[in-house]
Each structure stands twice: as C-alpha cells, then as structure tokens.
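Enquirer: Submitted below is the structure of interest, expressed as structure tokens.
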Amino acid sequence: MDNVKAIVLRAAGINCDLETEHALELAGAQVERVHINRVIDDPAVLDGYQILVFPGGFSYGDDVAAGKVLANQIVHHLSDILHKFIEDGKLVLGICNGFQVMIKTGIVPGLNGVGKLSLTDQVVTLTDNDSGVFEDRWVHLEPGTERCVFLTPGKRLYLPVAHGEGKIVAKDVDTLEKITSGGFAAFRYVDTDGKQGPFPVNPNGSQDSIAALTDSTGRAMGLMPHPERFVRWTQHPHWTRLKDRDGMADGMTIFTNAVNYVKENF
Amino acid sequence: MADYFLQQYKGLNVKQWRFEISSKQGFSDISGKEVLESIGQLNISSVEDVISEKVFLIEADFDQDFAERVGCELLADTVCQDWHLGKSGIPAGPMQASVVEVHLKSGVTDPVAESVKSALADMGAGEVASVRTARKYVLLGNVSEDDCATIARRILANDCIEDVIFGMDSDPPSPHTQPYQMEVTEIPIRELSDEQLTQLSKEKDMFLNLKEMRTIQDEYKKLDREPTDVELETLAQTWSEHCVHKTLKSSVDMDHDGQKIHFDNLLKETVFKATKDLNKDWCISVFEDNAGVIEFDDEDAICFKVETHNHPSALDPYGGAATGIGGVIRDPMGTGMGAKPVANTDIFCFARPDMKLEDVPKGVLHPRRVMKGVVAGVRDYGNRMGIPTVNGALYFDDRYLANPLVFCGNVGLVPREKCFKNAQPGNLVVVVGGRTGRDGIHGATFSSGEMTHEHEDIFSHAVQIGNAITEKKTLDTLLQARDANLYESITDCGAGGLSSAVGEMGEKLGVEVDLKKIPLKYAGLTYTEVWISEAQERMVIAVEPGKLDAIMAIFDAEDVEATVIGTFTGDKKLTLRYDGMQVGQLEMEFLHEGICKYDRKAVWKTKKLSEPVLEAKDNYNDDLKKILGSYNVASKEWVIRQYDHEVQGASVIKPLMGAENDGPMDAAVIRPKYDHDKGVAMSCGMNPCYGDIDPYWMALAGIDEAVRNLVCVGADPERIAILDNYCWGDCTRPETLGALVRASQACYDGAMAFGTPFISGKDSLNNEFVCEDGTRIAIPYTLLISAMGIVEDVNRCVTMDVKKAGNLIFVVGLTKNELGGSHYYKVHNELGANVPKMDLETSVEISRRVAKAIEQGLVRSCHDCSEGGLAVALAEMAFAGGLGIEADLRGLAVSDDCIKPDAMLFSESNSRYLIEVQPQNYDAFAKLMLNLPFGQVGEVIEDKKLLVHDANQNTVIDAGLDDLKAAWQKPLAW
C-alpha cells in the first residue's frame, strides 16, 4: 500500500501532536490529528488508518498519575476498537505520555494478551524519576529486540527525553524476567559505548535501563524518548560541532520504519 | 472507623469516601524525602522520617465494591502504590508519629479533583457531589507540638491557600459554599471629607490616592448620585498602577546634578519616542495590543510580551509563578486575533538561597523555598502548556529577599492578516475557558502597592491558582476558531479580571454585561467579586451572533466552556447588570480617560564613589573560580533541565549545548515553522549591580547585552526588537524616580543607536517591604531588557563552545578599566566606581561587523563577554567545547588606563565578543574588522586547560577545565 494513513490522537493536555504529525509526514504518511472525543463518538473513525500514535504531553494534566486519566477513558470507551486495530496487524506507537497511556492500559507489554486493554492487570508501570523532578536531556538508546517493527536492529539512536515519570518498574522479579527474556524491551538507555550505566546514562532509574516496551507482536511500541524532536539536524544538541549532517536524523528511523512496514504489509 | 460518612446531596444519600494512597515498600517516597530534607534545613532534628500520602475525598452515591474499583483502577498505581479506604492508623512500631494533613481552602482551584471527577464519569460512577484532594504527612520521631507547627507552616502548607489539620481526629473543611443573596450596594462618597476619602480607598483596598478619589467624587457630584460598589471597584482596577502605569506616564520635573529637565509624559518622551522616531516598517503593532508585534515573514508575524508576577510569587511562589507564566501566555493568545505561543522566557531575581534562617524577616518566605517554588510553578505550567521555555536568567541579590522578581515572557506566531481586532456593535461578549471563583481578587490593586509583614494575611485572596490544562484546551479551540474566522476580537482576562478585559475591549464601543451569566466555580460570589475576580485561564472574545453556533460547536467538541455574557452596544457606556437588574453604569470616557494627570519630582545626584585598591597577584585562578562559582554566573542547569525546552520540535539553539550539552548559550533560537529555515532568536540583558552606580549605564549595558547575545547566535542586528520591564521601588521618592528617569533616558539613547525599537513593556513599582520593626527593604533598580531577533537561515547559527584545536580566538571590542559593579569586585565585597560605559557608535558598528562575519561563515564560535569579563567568557567557551584555550593578554585591545591584569581579565566593558576563527580565515576576518578595536588573544588547544599570560608573560591563569567547570556547576547542582 502506498497510501499510508496515520492518526495522531489528541486529548486535553496533549501537546506534541503537531511535531508528531510533521515527523510522520516527513516519513511519507498522510496524517490527521483527531481529538479523542471524536473517536469516542464514532470509534469506526479508526478503521481508516494503519498507524495510531498516542503523542506526548500531559493528558488531563497527568493528574492522579501520568497518563492515568486518559488510559481510564480509553479503556472504558475504546477497548474493543483498539483490540481490533491491533489484531488487524496495524501499528500503535506511544511517545512519552503516549507510552504512559499504553502501559497503563496494558497495550504494552501486553503480557495478558495482545491488544487486551485493562486497568486491573497492570504488571509494569512508569513512575517518578529517581531524581524526583521533570528533566529534559538527551540519551543514547540501544535496541533490545529484533521483533519490533519500529526499530532497526543494531542501530543505536540519540534522542531527547523530557519527563518526570519515566522510570519503568515491573510488579515483581518474574515479570521483569519475562520482559527481559521475552524481547519486550524495545530500547535500553546506554552510554556512548553502548553500555548501561547509572544516571544520567539512565535518566530516570528505569529497571534494566529499559526505555521502551513492545508487545509480543512487535507492532505496538511505547517509548519515553521523543523521536519526533530529532527529525532534522539542527535539533541535535551539538549540531554546530558535527562534521557530517547528511543522512537521516535519528528520530526519523522510527517513523520511517513504521511507514515502510505498512507499505510492505498492507 | 467508618470508611465513609452519609450526607444528603440533590436528594440522594451520598457517601463521603476517603482514599489514602501511599508508596509501596521498596519504592521511594519522593515527596516524603523532600520534606525530610527541608526539615533538616530548618535545624529541627527530632524528625527521623517522613511518610507522605495522597488523600482523595469523594462524595458520591457508589457502593463499597465500586469504591474498591476506584481505589485500585484509578487512584492507585498498584505496581508501586498501596491504597487504603478510610482513615489509616498510625504506622505500627516503636516510633512516635505526628499526623499533619494539608487541605486546600474552600474555593481554591483543585485541578486533580476536576480530572478525577471526569474519570469517575468515564467509570460510570453515577452522581458525584464533590471531589477534593489533600496531602497527608506522618512525621516519625518525638516531635514537639511547636516543631510540628513550624514544619507545617514553613514547609508543608501555605497559609494563603491551604488549611492544616493536626492529628487524626479533625474533619477537613467543608467543600460547600453558601448561595449568594443579591443586594445592590451604594457607597456614599459625595459628602466625604478628604480624610474620609483616603480612609475609604484604604478600607476597600482600592490603592487610589486622594487626588484620584476626589476626581471620582467630582464625577458623582456631577452625576448627582452615589456610586455603587461595583463602579468604584471598576475604577480602582482600571486606574491601578498595574493597569495604567500612571507613574511612568506622569509629567516629571527632573533635577540632574542641578540641571533641570522637564518631561510632559516620561514614557512618551523616552521609551515610546525611540520607537516612534525609529519608525521601522517591520513593526506591525507596538504598545497598543497585549504584546508587541513585528514581521516574521510574508505570511506571519511574531509577538513578544514579558510580564512580572512579583507580589503573588512572594506570597505563594508556586502558584504565583505558575499563574505568572500562565498569564503571560494569554497575552500573545489575546494579541491581534490570537497568536500561537511558541516559546517562553523566564528571568528570576532572588536573595541568596543559602541565607541564614534568622536573617529572614517575619512575613517573608526563605529564598530557597521561594526559588524552588517559583521554578516548580513555571515548570509545571509551562511544560503542561507544551510551550518550550528556551531562555532565561537568574539573578541573586539579598535586596530581593522580600520582593523576589518573577519575569515571564512569551513569544507567539500570528498570521499577518490577523494582527488587528475588529469588534462591532451587536457582537456578543463571550467568555471562554476557566470558571470564575474568588481567586485573585484585588490582584491588580494589590500588586500596585508595597508589601508589609501583614500582607500574607490580608492579601491571601490575591493569590491565584492555575490549571494549565484548561488554558491548553482553550488555546487549542481558539486557534481553530480563529482560523475559521469565527470571532471579531479577543483579549485575555488578566489583572482586573473581566473588569479590565471587557472594559478595554468595549472602550470605543460601549458594552453591556450580565454578571449572573458568568459560570462560577462555586456559589456565593457577589456581582462585584465576579466582575473583578482574577481567576485564571479566561479569554474574552467578540462574536457575531450569526457565528455563535459554529464557534460553540468547536468549544463543545473539546470540552471547553464558553458563555455569552453580554453585548457590545455602541453607546460608549459600560453597563453592568445582575440577573437583568442594573448594578452599575460608567461612561467609557471617564473610565479610560478620567484619571488625573500627575506632576512628579525626580532627582538624580551623581554618586561620589571610588575605586578600591585590590592587591595585585601573580595568579588569578582563585578569583576566576570564585566568580564562576558565584550564584549569578554559576550554571543554571538544575533549573534549565526542569523546563521542557524542546517541545514543539522547533529548537535550534537550546539553552545548554556544546560537547557535553552543558555549555551556557547566549541566546535561544527556534524555527517556528516546520517548512521554513527562518528562525526567531530570544535573549535578555540585565545588570542591577551597575544601577548601584548609575542606572543610565545600567540600562545601556542591558540593551547592549541583549543585542550582543542575539548577534552571537547569528541574528540580524537590523531586525531586533526589544522590550522593557522596570521593577523599581517607591517612585514617590524623588531619588527613586530620578533613577528611573536616568534609565529611561538610556532606553531612548540605546534604542536609537542600535535601531532596536521597543515594542512592548511593563513596569512593576513599589517593590519594597516594610518589616515589623519598620525597616524598609527596597529592591535594587532593575531593568530587564528582553530582545527578539530574526535569523534569516537557522543553518548558519553559531554556538559559543570552541570547536577545534588550532583555531584562533579573537576579542572584538575595547577592554577598558571598568570594574565598577563587576563580579570581580562583588566577590571581593566592593562596588567600585568605574561602571562600564559605551561609545554607542562603535558598539553598533561592532555588532554589525560581527553579524557579517557570522553571515559569511567566518565564525566557528562566538560568545558574549559580560558577567565576569574575559576570563569567565574564555573559561565558558573552553569547557563547553571540551578543549583548552591558551591566551595572551598582549593581543587584547585595551584602553590606555587598562593596564593591570585583573582589569584585563575581569573588566565588564560592554560591546565585546569572543570569536573563534579557523586559521585559514584569519585574513578575511581581520579585514572585516578593520578599524575596530580587536585583537587575536589566543588559540584553542587540545590540552584541557585555560592558560592566560599577561603582558609581562607571567601566567596569571593556569587552571584545568574540569576544575573550572566543577566550580561553575557546583553552587546550583541541587
């Protein structure tokens, strides 16, 4: 399919929708930003798209906990249609607040079943950074699986994080083991040599340095870093020092992979 | 203990459910830890640990099963939190425990509660009467009642907005308020004596002086009736210093060292005059709208506004600063037909955060608490709005102890064809966004007066609490409505609330409003309170009746409240009704033009100061490290990283860049349109220290610094617009006003020389505090110059970090013996006399040539030389680039009197740029700088050191970069 269509879901407090739309357009998708109220009124709206993105921001102010109120809304109103969307082989991407929403609805890691949304079976969460405050800084990311369609295996990315609640924590040791050994960790925070390390290499204290989670299909991914903030070289934090500013900016990897996947599989 | 209490609500038996949420064992209790740390800073050692919990109080008609679902599905994150229904007991164990609960006062905005309410609806909770949130702290240890009270007051709660409950047994304050019984109140004024008029102004917190009260009295004598309360309040709001800037617009007789100068209107003959005389064709709208507007490209314009929110931030740092940024964002939103906010700036002035507790007077919060609260407030509001905070500054001086300064700025992008408003008679007045409550009443008048130790109690209602998400929703829908041409005019509700917003919008037309129609947060507000409330997140628009349905559909679709509250009439009157009954009527002309003019006296006597004699040294490493580690110069990374400076995906020059992303950039650049390489650069300049010597040179230095910072990153010096924000003391003192006149004269001279028009400005006067013992603390004269420039192609931007060993370092601009007010003197507790001055013609030429060198690609890095002088600038460039610099002061262009190495190293002479040039570009660069004072002072080296040799080839600085960087990063690495 050449005509790849992506929907960027808006809600009160979502604020990265415009740059996410732009990144997807650069990757070759046709994009619409749609408010969640419209999707709740007419869930069939989703049928027209192959990629669904939960963008970053502070949905409902991150009141109670980051992404919680929007996750609650989605589970109560859109569980079925999202289940179908994922079952149909379509792609779901959550960035920052979108990842928080995906983890709190259970879409990732989806250990209770693919595309099964629930508020009661949460096995892993994103909670307060160890630093205790919101921080905006750049991190290196190493792919942790070959299954996930959004990443290019072996290709490390350099992207910014900007969040206060990005620490990944599993319910117990067994769950963490399942995530690690089952290839659910899509990206890990590493240093310039590819090694895991303490703050600031791991900016929030995430268990096992996990920065992103996928599900068992590899077609849903949530990540804390913001790929849409590095789609051109002048966004790099030391671009004025770089000799080589040709080639694709790191963030585009994720959007391009998504669009190419749809082109090849639909 | 029962899990709930039964109550009656809308005829239903609602139960009051209480949920307590705590961290699970093994998960850190961040808020508890923070409180414990703060208690340590109070020197209270009896508290051994602190447990913090979140409390939710929900009045609803659901049952126990449902309540349990609410606990585990919504309120608690069961991976890392425990939840408990009802009141939990004191934790078991040998340690004693004291319980403190902090509840919001009734009527204070509680955004979390509102979100929980809507989430409960999604869950199908049925009737929910109220949701409230609270914080519970368990202090472990043998804590005395006194200590407990101190901890509550100093750390846990803010009296202005919160109630504290000690122990386990008390009930929280009721969330319900009494309904309002309408009653029109007249205030007899015609027969009052002068004394009684003054008394009335004071009693009603009107902050109007006798002359103004008499003007009002005369008007009502003419009208042959008494004013109603709402009429008087409207006049007080509209005539407040905050709203009309009566001091800066008054006529002034200045005595400058015996020489007399007269101004008919100070502002019009200085700041405004520069803009008028420059007459730049790229200025679109200046000093007339909520923000100043200039051209960006053929399709769009950009606007910029900087506001202060000082008094509220002194009382409630978090809420004051949050609503400061929230308020200034609404200025571009209300400029023209509404701009899209694209960047925030923040500049704060505090007392030293390590000040001793006993040196903080009664009624004043400790500067560390103020700073933490202010930063958190700006962070939470700015980040939630999704607007990058890209530029700022922090300035420390103990005279800001009781009057911290919080400057918040916002830049917006607006289509060229939407830069002007056009309300017509017959248009409907529609209020959009937040509901109206009792918050922020008298903010405009209160911020116009000086503060005392009693302000905390008297003006607690002036504090406003913001809800960023309400503002974000409002913004999202307003931009849609703007692009669909569904309204004719827009403005924000700021100081003075609806009284100012509607009053201004209807100034030329006349307007009629029914105050009963305004949606309220809770019952009980009088019509006057509704009219002057400064509740946040409200915008006012004028809508043609035929477009009402279409615009309402846009608001409805995204859960934004909008209400028709009146009509623009054309009768040039302001008519206020309540439920149809008239409660006040004022002539627009009297309201806006009736304020009397003032004649003020100003005096400036040139200070007799002398230069200190500091011992000459062989080595200045320690001085350099001390300056790098002084609060003003030190790295602000702790603050910067808390701000999202990359949201919207437009950042080009971020606040911190360089080899390790931690070098301090001179200005910020964003690329506000995804498909264009044109950029907007933002910077600021401020140096209150120079004002202690002469505010004239302080103001010029501020303009030069702001322009320099923009030029450093690659902005076009021919396209720079600037803003003024005066924060001053009590200008009824001729000396204080004299200082302001001096600064204003410099504003004119500087703007004319640089060709940089002022496009917007604001002043905040009376920044003084009267302590309990009568001592007065006045802030230093503070003028913030904010600058905005155009970058033709962001790909040509330059940063300040050195790039490559072997490259040459030039200094352009003359270094003079100007250590007066410098940081070098400051770390030696001296002021000095030789304040940095300027030869304007040369300064302007330097900025143009440096810009040309950048445009021609001759510049690898460029850094502004300012606080701390050459030595600090060299050190910053070196450690930001991760490469050393070896410098030789013989290459420095100096004035004849600048002989001593300390003057060369630390002088803060204006108009100087440090520039890194590749060796092969030496000739081209030197040719471009011909006839300017400049010289090659050094070279970038691989060795991670800063080496500086003086004229006699003694090595006066020889320091490792890691050492220098550590000294610079340490003070604010919280």
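Enquirer: Can you name the residue in segment B:886-938 that is free of Cβ contacts under 8 Å to residues at least 40 places away in the same chain and acidic (Asp, Glu) and, of all such residues, is most open to solvent (accessible area, probe 1.4 Å)?
Expert: Residue satisfying both the conditions and the ranking: B:Asp896.
Enquirer: Just give me the residues in segment B:686-706 being part of a loop (DSSP other than H, G, I, E, B) and in contact with a helix residue (DSSP H, G or I) (Cβ under 9 Å, 6 or more places away or on another chain), in sequence order.
Expert: Hits for segment B:686-706 are B:Met686, B:Asn687, B:Asp692, B:Asp694.
Enquirer: It is to be established whether one or more residues within segment B:114-126 are touching a Phe, Trp or Tyr at 6+ places or on another chain (Cβ under 7 Å) and open to solvent by 50 Å² or more (accessible area, probe 1.4 Å).
Expert: For segment B:114-126, residues touching a Phe, Trp or Tyr at 6+ places or on another chain (Cβ under 7 Å) and open to solvent by 50 Å² or more (accessible area, probe 1.4 Å): present.
Enquirer: Just to be sure, is A:Gly115 at pLDDT below 95, more than 27 Å from B:Ala468 (Cβ to Cβ) and not polar (S, T, N, Q)?
Expert: The answer is yes for A:Gly115.
Enquirer: With the requirement that a residue be over 11 Å from the mean Cα position of the chain (by Cα), within 21 Å of B:Leu74 (Cβ to Cβ), of a type in the set (Val, Ile, Thr) and assigned to a loop (DSSP other than H, G, I, E, B), what does segment A:108-124 give you?
Expert: A:Thr120, A:Val123
Enquirer: Only one of (1) within 14 Å of chain A (Cβ to nearest Cβ); (2) within 23 Å of A:Ile14 (Cα to Cα); (3) in a helix (DSSP H, G or I) fails for B:Arg330. Which number is that?
Expert: Of the numbered conditions (1) within 14 Å of chain A (Cβ to nearest Cβ); (2) within 23 Å of A:Ile14 (Cα to Cα); (3) in a helix (DSSP H, G or I), the odd one out for B:Arg330 is (1).
Enquirer: I've got another one for you. Filter segment B:21-50 down to the residues that are within 14 Å of chain A (Cβ to nearest Cβ) and acidic (Asp, Glu), then identify the one that is nearest to B:Glu145 (Cα to Cα).
Expert: B:Glu37
Enquirer: Which count do you get for residues in segment A:53-90 that are away from chain B (no Cβ under 13 Å) and within 24 Å of A:Thr127 (Cα to Cα)?
Expert: Within segment A:53-90, residues that are away from chain B (no Cβ under 13 Å) and within 24 Å of A:Thr127 (Cα to Cα) number 2.
Enquirer: Considering segment B:72-103 alone, what residues qualify as being within 14 Å of another protein chain (Cβ to nearest Cβ) and either assigned to a helix (DSSP H, G or I) or open to solvent by 50 Å² or more (accessible area, probe 1.4 Å) (or both)?
Expert: B:Cys72, B:Glu73, B:Leu74, B:Leu75, B:Asp82, B:Trp83
Enquirer: Only residues that are within 12 Å of chain B (Cβ to nearest Cβ) and open to solvent by 10 Å² or more (accessible area, probe 1.4 Å): list them for segment A:97-116, please.
Expert: A:Gly106, the sole residue that qualifies.
Enquirer: Could you tell me whether segment B:324-336 includes any residue that is open to solvent by less than 10 Å² (accessible area, probe 1.4 Å) and among the basic types (Lys, Arg)?
Expert: Yes - at least one qualifying residue is present in segment B:324-336.
Enquirer: Could we say that B:Asp692 is more than 13 Å from chain A (Cβ to nearest Cβ) and not aromatic (Phe, Trp, Tyr) here? Break it down stepwise before answering.
Expert: Details: more than 13 Å from chain A (Cβ to nearest Cβ): yes; not aromatic (Phe, Trp, Tyr): yes.
The answer is yes for B:Asp692.
Enquirer: A further question follows. Which of (1) outside the structural domain of B:Val102 (by TED's automatic domain parsing); (2) more than 26 Å from B:Ser500 (Cα to Cα); (3) open to solvent by less than 60 Å² (accessible area, probe 1.4 Å) does B:Asp171 not meet, given it meets every other one?
Expert: Every condition holds for B:Asp171 apart from (3).
Enquirer: Within segment B:280-317, work out how many residues are under 13 Å from the mean Cα position of the chain (by Cα), more than 20 Å from B:Phe769 (Cβ to Cβ) and open to solvent by 10 Å² or more (accessible area, probe 1.4 Å).
Expert: 2
Enquirer: Of all the residues that make up segment B:606-664, how many are more than 9 Å from chain A (Cβ to nearest Cβ), over 30 Å from B:Asp255 (Cα atoms) and without any contact (Cβ under 8 Å) to a residue 12 or more places away in the chain?
Expert: Summing the residues that are more than 9 Å from chain A (Cβ to nearest Cβ), over 30 Å from B:Asp255 (Cα atoms) and without any contact (Cβ under 8 Å) to a residue 12 or more places away in the chain in segment B:606-664 gives 3.
Enquirer: Criterion first (under 31 Å from the mean Cα position of the chain (by Cα) and part of a loop (DSSP other than H, G, I, E, B)) does B:Thr234 satisfy it?
Expert: Details: under 31 Å from the mean Cα position of the chain (by Cα): yes; part of a loop (DSSP other than H, G, I, E, B): no.
It is false that B:Thr234 is under 31 Å from the mean Cα position of the chain (by Cα) and part of a loop (DSSP other than H, G, I, E, B).
Enquirer: Moving on. Pick out the one residue from B:Lys268, B:Lys260 that is in a strand (DSSP E or B) and either open to solvent by 20 Å² or more (accessible area, probe 1.4 Å) or at positive phi (or both).
Expert: One residue alone meets the criteria, B:Lys260.
Enquirer: Could you check A:Gly144 against (1) surrounded by 22 or more Cβ atoms within 10 Å (Cβ to Cβ); (2) more than 26 Å from A:Phe58 (Cβ to Cβ); (3) within 11 Å of another protein chain (Cβ to nearest Cβ) and say which number it fails?
Expert: The failed condition is (3).
Enquirer: Determine whether segment B:746-763 contains at least one residue that is under 28 Å from B:Val293 (Cα atoms), modelled with pLDDT under 95 and of a type in the set (Lys, Arg).
Expert: Yes, there is a match, as at least one residue in segment B:746-763 is under 28 Å from B:Val293 (Cα atoms), modelled with pLDDT under 95 and of a type in the set (Lys, Arg).
Enquirer: Still on this structure: Against the conditions (1) among the small types (Gly, Ala, Ser); (2) under 22 Å from A:Leu213 (Cβ atoms); (3) more than 9 Å from chain B (Cβ to nearest Cβ); (4) in contact (Cβ under 8 Å) with a residue 60 or more places away in the chain, where does A:Ala29 fall short? Just the number, please.
Expert: Result: A:Ala29 passes all but (2).
Enquirer: While we're here: Among the residues of segment B:520-538, count how many are out of contact with any helix residue (DSSP H, G or I) (no Cβ under 6 Å at 6 or more places or on another chain) and either open to solvent by less than 20 Å² (accessible area, probe 1.4 Å) or polar (S, T, N, Q) (or both).
Expert: First, the residues of segment B:520-538 that are out of contact with any helix residue (DSSP H, G or I) (no Cβ under 6 Å at 6 or more places or on another chain): B:520-526, B:529, B:535, B:538.
Subset that is either open to solvent by less than 20 Å² (accessible area, probe 1.4 Å) or polar (S, T, N, Q) (or both): B:524-526, B:535, B:538.
So the answer is 5.
Enquirer: Would you mind finding the one in A:Val259, A:Val190, A:Val201, A:Val231 that is farther than 21 Å from A:Val161 by Cα and in contact with a helix residue (DSSP H, G or I) (Cβ under 8 Å, 6 or more places away or on another chain)? Spell out the reasoning first.
Expert: Details: A:Val190 fails: farther than 21 Å from A:Val161 by Cα; A:Val201 fails: farther than 21 Å from A:Val161 by Cα; A:Val231 fails: farther than 21 Å from A:Val161 by Cα.
The unique qualifying residue is A:Val259.
Enquirer: Checking B:Glu637 against (1) crowded, with 24+ Cβ neighbours inside 10 Å; (2) under 29 Å from B:Asp397 (Cα atoms), only one condition comes out false. Which one?
Expert: (1)
The values are calculated or read from the model by the stated rules, or taken from the named source; none is laboratory data. Model, not experiment: these values are computed from the prediction. Don't worry about glycine lacking a Cβ; one is built from the backbone with ideal geometry, like all the others, and counts go over all protein chains shown. With ligands, DNA and RNA removed, areas are computed over all heavy atoms of the protein, side chains included. Shrake-Rupley method; radii C 1.70, N 1.55, O 1.52, S 1.80 Å.
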